Amino acid sequence: MRAAARIVAEADRSGVTRLAVLRGESPLLLRRTGPRDTTSATVHLVGGAAGPLRGDDLLLEIEVGPGAHLEIRSVAATLLLPGRPAPPSLLTVRATVAGSLRWLPEPAIAAAGCDHHASTAVEVADGGSLLWRDDLVCGRHDEPSGSVRSDVTIRYAGRTLYRHRLTVGPDAPGWSGAAVLGNARATGSAVLAGPGLPVPHLPAEGAAVMALAGPGVLATATGADIREVQAALDPFCAAMPAPV
């Protein structure tokens, strides 16, 4: 399956964020939620079909114009599934941010047998702000993890701020030992980028906060389950409240 979705958020003269483009194809269906005629717009991703499955090729493009504020969430966790013999499923996310973007989807779950690649590239203009959150659960209850490779690159004002690759599952080097996540079954990360950001404290075990070489902060967490990761990262994400 091939599918594409696109969101373009723009601010009008009164400062209200309008969705100039909101277009998607199953399974990348998009729905605007929350109040309208405000400085911020919220969009939820709605899974219109099972997957991603092996062989799926999905593309999501996001554009946030100057003065616009966009928050993107999902209505449920994304279940990465196996399928017929085929290349890995692929989700490509490309975002350009001149205003403010908060990316806060529910976790992805790597079901046993899945083979999934995620590729994310975010360009934030000088003066823009970003909150980018990614959570991953390695397998459903009492099952081994499938294979996932996630590549994230975030650039700010034309310079690379954050570049990271996470590989889990049977195809990950060192996965049979403790080289990747140790005994953890869930992991998450959140990046704050922009001027004047606070540096929140994360007291939770298995969590860390690091300043990036630029206007940004990274928080990471691992845990026995996703609840431990969320308990660590949710307060960090609350440090960048959504405009109203």
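So, in segment 8-27, of the ones that are in contact with a Leu (Cβ under 6 Å, 6 or more places away or on another chain) and buried (at least 17 other Cβ atoms within 10 Å of the Cβ), which residue ends up nearest to Leu70 (Cα to Cα)? Applying the filter and picking the extreme gives Ala9. The requirement of being without any contact (Cβ under 8 Å) to a residue 24 or more places away in the chain, not in a strand (DSSP E or B) and not small (Gly, Ala, Ser) is fulfilled somewhere in segment 36-57, by at least one residue. Remark: pairs (first residue in segment 204-220, touching a residue at least 60 places away in the same chain (Cβ under 8 Å) and within 13 Å of Leu233 (Cα to Cα); second residue surrounded by fewer than 20 Cβ atoms within 10 Å (Cβ to Cβ) and not small (Gly, Ala, Ser); Cβ separation under 6 Å; 6+ apart in sequence or on different chains) are absent.
Any residue at all in segment 214-237 that is at pLDDT 90 or above, of a type in the set (A, V, I, L, M) and surrounded by fewer than 17 Cβ atoms within 10 Å (Cβ to Cβ)? For segment 214-237, residues at pLDDT 90 or above, of a type in the set (A, V, I, L, M) and surrounded by fewer than 17 Cβ atoms within 10 Å (Cβ to Cβ): present. Filtered by the rule that a residue be in contact (Cβ under 8 Å) with a residue 12 or more places away in the chain and over 28 Å from Thr42 (Cβ atoms), segment 118-157 gives Cys138, Gly139, Arg140, Glu143, Pro144, Ser145, Gly146, Ser147, Arg149.
The values are calculated or read from the model by the stated rules, or taken from the named source; none is laboratory data. Keep in mind that this is a model prediction, so the values were computed, not measured. Cβ sites come from the backbone with ideal geometry, for glycine too, and all protein chains shown count toward neighbours.
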